[in-house]
Each structure stands twice: as C-alpha cells, then as structure tokens.
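Chemist: Quick one: this structure, given as structure tokens, is what I'll be asking you about.
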Amino acid sequence: MTATHKLINQLIQLQELVVANLQKKASMPKARLEELEKSIAALGSDLPQQVRSHFNRLLTKHPEAIVPVANSICAGCGMGLTKSLINSVHKAEQMHRCPNCARFLYYPEQLVERERVSRSYGEVRKTGIGRFTSPELMMVSLKGSTPEEVLAEMCGHMAEEGFVEDGDLLLDLALQREAIVSTAVDNGIAFPHVRGVEGGGLSMVLGIHKKGIKFGGPGRTLTRVFFFMVIPTATSAFYLKLLSGLSRIFREKEPREALITAKTDEDLWKALIKATKKMIK
Ligand SMILES: [Zn+2]
C-alpha cells in the first residue's frame, strides 16, 4: 500500500464520520455527538496540513469531499475524466482532484452497480416519496432478529426487485456503515444506508419489524421502522434533506404507528404516501 493509498483510506474514513455526523444531526436535532466529533477531530489532525485544509474547504460546499471515479466520470459532479487522469487515480502515486469540482478522487475497489432499467413502472410520472420508492419496496413484516438478518432481508429484496445487481455486496457495505456508528435514532426508527452507489437515483426500502429488534438505538429502544436507502454520490446533499424530512414526520406518534400497524405492503405504501404527502413534493 502506498502512502497515498493510506491517505485515501484515511480521507474516506473521515468522510464517513463527517456524513454520519450530518445524518445524526438531521435525524436527531438534540443528539449529543461528542464521541463522533472527537473521532473526526482526531482523524483530521493526522492529515497533512494542505490536504486537511482543502478537505475542510470542500466540506463547506458539499457533503462529500472525496468521491469515487465511476464509469469514467467524477461521481461528485458528473464530469467526464480523461483516461490518463483515471490511470493516475488508479495508480495512487499522489492525490488527484477533479478538474471541475476540485473534490479528491479515488479509484474504488468495489462499487454497487445499479440495474440499468427499472423493471416495472418506468413510464409513470412519479411524484412525492414515489420518486424514491415504490409499492414493490414495501416490506410490512421483516422477520430477522438481528441487525444483520434484517439488513439481509432488505438488501436481498432490493436485488430481487432489480434495484441493484448484487444484494450480498450491498449487505456488506450496509454492515460496514452500521459499524461506524449505528443509524438508529430515537422513536424506534433507523436509517440504514449505502452511499457511493453508481448510477440511477436514490431508492428506498421501507421495512417494518412488528416486534422490534435491538439495532443500536439510544438506551433500550427497539427499532421497528427501517428506512433503508441506496444513495448515489451525486444525491448526497438531497439525501440529507430527505432524511431530516422523514425524521421530522415520523417523530410524531400517529404517522409512525400507521406504518407499524399496517397489515399489508399495500397498506404500508398508503400510510407512507399519506404521511409524507405535504412535506415531500
Ligand atoms: Zn467533480
């Protein structure tokens, strides 16, 4: 591993912590995040001065300062990159930045591929929450009893429905994300996710676990409602808005109970549409 590889890994890890911090702030406005902020400061202080100041400057403009090269484009801004730049990024002898958006670039070892064609309702004009999810992605009764089992059900379902190609890879990445800091918030809700996915839009499975499981929520909270999202890099900023909108809506007991008590996937879909209609256009 070159020194640059090491630096890239450090930046990716720092990036994950920064985004996790933003996620927590968006979903739990009163959360105490000292631990997370301490880790961010510690990791940041290890970086070479120049890299650190550039990284911090980028973060004031975008939620992500280091992005993968995907299909020969910068996953941050969508700019096409030259072959020679891509080769240099791959070799990682030094740090490279996108000539358009100035984000740091890295060459990913694994990338979740989206299936190119959405199988079902391609022509229907979608509005509101329906832009990110669909009746096929409602899972009214998750069965698993551990975080891993529940995530496996949702990742598998996303692959079956043709939203990603490799459900196992998706599960690995979702578990890696949970290992950084749990995506469970209060009120029995969690927002597990995988970021940096190639192509397509943001998509979301809504899974309900009637009894609830321990998912790392505060105290002894059991988690019952899972908003599992697959997030292409280009939609990161939007994702944080969606996250804060959903957590604001479902912090209220009534709409949350409507999800938990839904009997069929179709009821769950209706309850989701009803609750989000006003807030998500
Ligand atoms: Zn760019």
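Just so you know, all these numbers are worked out from the coordinates, no wet-lab data involved. Keep in mind the model is a prediction, meaning the values are calculated, not measured. Cβ sites come from the backbone with ideal geometry, for glycine too, and all protein chains shown count toward neighbours.
Chemist: Got a sec to turn the phi values of the stretch 254-263 into Karplus ³J(HN,Hα) couplings, 6.51 cos²θ - 1.76 cosθ + 1.60 with θ = phi - 60°, whole Hz, x for Gly and Pro?
Modeler: 4, x, 5, 4, 4, 6, 5, 8, 4, 8
Chemist: Counting other C-beta atoms within 10 Å, which of ARG131, ARG248 has the fewest, and how do the rest follow?
Modeler: Least to most surrounded, the residues fall as ARG248, ARG131.
Chemist: Here's a follow-up. Above 29 angstrom, tally the Cα pairs of the chain and express them as a % of all pairs, no decimals.
Modeler: Counting pairs separated by more than 29 Å, the tail of P(r) holds 33 percent.
Chemist: For the chain, list the cysteines whose Cβ sits under 4.7 Å from no other cysteine Cβ?
Modeler: CYS155 - these cysteines have no disulfide-compatible partner (Cβ-Cβ under 4.7 Å) in the chain.
Chemist: While we're looking at this one, here's another question. Using alpha carbons only, how many degrees (0 to 90, rounded to 10) separate the axis of helix 167-180 from the longest principal axis of the chain?
Modeler: So the helix axis and the longest Cα principal axis differ by about 80 degrees.
Chemist: For each pair in LYS25/LYS277; LYS214/LYS270; LYS126/LYS274, compute the distance between the two Cα atoms and list the pairs where it is over 25 Å.
Modeler: On the way: LYS25/LYS277 23 Å; LYS214/LYS270 27 Å; LYS126/LYS274 15 Å.
Too far apart for the 25 Å limit: LYS214/LYS270.
Chemist: Between MET138, ALA275, THR221, whose Cα lies farthest towards the positive end of the dipole of the chain when Lys and Arg beta carbons carry +1 and Asp and Glu beta carbons carry -1, centred on the Cα centre?
Modeler: The listed residue farthest towards the positive side: ALA275.
Chemist: What is the angle, in °, between the Cα long axis of helix 147-160 and the longest principal axis of the Cα atoms in the chain? Nearest 10 is fine, range 0 to 90.
Modeler: Once rounded, one gets 90 degrees.
Chemist: Report, to the nearest 10°, how far helix 3-27 tilts away from the longest principal axis of the Cα atoms in the chain, using its own Cα long axis and a range of 0 to 90°.
Modeler: That helix lies at roughly 30 degrees to the long axis.
Chemist: Oh, and also: Within 10 Å of each residue's Cβ, count the other Cβ atoms and sort MET154, MET279 from fewest upward. Spell out each step's value before the answer.
Modeler: Numbers: MET154 26, MET279 13.
With the fewest neighbours first, MET154, MET279 line up as MET279, MET154.
Chemist: Mind listing the phi-derived Karplus ³J(HN,Hα) values for the stretch 193-203, rounded to whole Hz, using 6.51, -1.76 and 1.60 with θ = phi - 60°, and x for any glycine or proline?
Modeler: Result, rounded to whole Hz: 6, 10, 9, x, 7, 8, x, x, x, 6, 10.
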